[in-house]
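The values are calculated or read from the model by the stated rules, or taken from the named source; none is laboratory data. Keep in mind that what you see is a predicted model, and the values were worked out from it rather than measured. So basically every Cβ, Gly included, is an ideal-geometry build from the backbone, and we count neighbours across all protein chains shown. We work out accessible area using only protein heavy atoms, side chains counted, and drop any ligands, DNA or RNA first. Shrake-Rupley method; radii C 1.70, N 1.55, O 1.52, S 1.80 Å.
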Amino acid sequence: MATRNLDQELDTLRTDLGKIRDDIAALTRTLGDAAAAEAKAGGARLNQAAHDAARTAKERAQNFADSARAQGEEGIAALEQRIEQNPITSVLVAFGVGLVIGKLLDR
């Protein structure tokens, strides 16, 4: 009789261990799926952060380009005004600069 109880308890134990093994496998799959979903959501957040950083960099570059363009246009306007005020001096300066550059390039 003791052997029979022991056999029944061993069978019950084997059954319970099988259920535990199945539960652990199911839990592992669930955790893996949850981790994959979190990684995907985290990737989306990271992608959005990268997109925002790129947009900010683009806006800064555009502002810098606009500022540089405005300063360049102001400089050109000032140069044109000086040339109009002193045309002979401007021609002589341009000739002198050309002469110096020509001598430098001859070497």
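A compact table of results
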{"quantity": "Where I88 falls short, out of the listed (1) in contact with a helix residue (DSSP H, G or I) (Cβ under 6 Å, 6 or more places away or on another chain); (2) exposed (fewer than 10 other Cβ atoms within 10 Å of the Cβ); (3) among the β-branched types (V, I, T)", "calculated": "(1)"}
{"quantity": "Residues within the range 46-94 that are within 11 Å of the chain's Cα centre (by Cα) and hydroxyl-bearing (S, T, Y), tallied", "calculated": "1"}
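Residues checked against (1) open to solvent by 100 Å² or more (accessible area, probe 1.4 Å); (2) part of a helix (DSSP H, G or I); (3) free of Cβ contacts under 8 Å to residues at least 24 places away in the same chain; (4) hydrophobic (A, V, I, L, M, F, W, C):
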{"position": "A68", "(1), (2), (3), (4)": "no, yes, yes, yes"}
{"position": "E73", "(1), (2), (3), (4)": "yes, yes, yes, no"}
{"position": "E84", "(1), (2), (3), (4)": "yes, yes, yes, no"}
{"position": "V97", "(1), (2), (3), (4)": "no, yes, yes, yes"}
{"position": "G102", "(1), (2), (3), (4)": "no, yes, yes, no"}
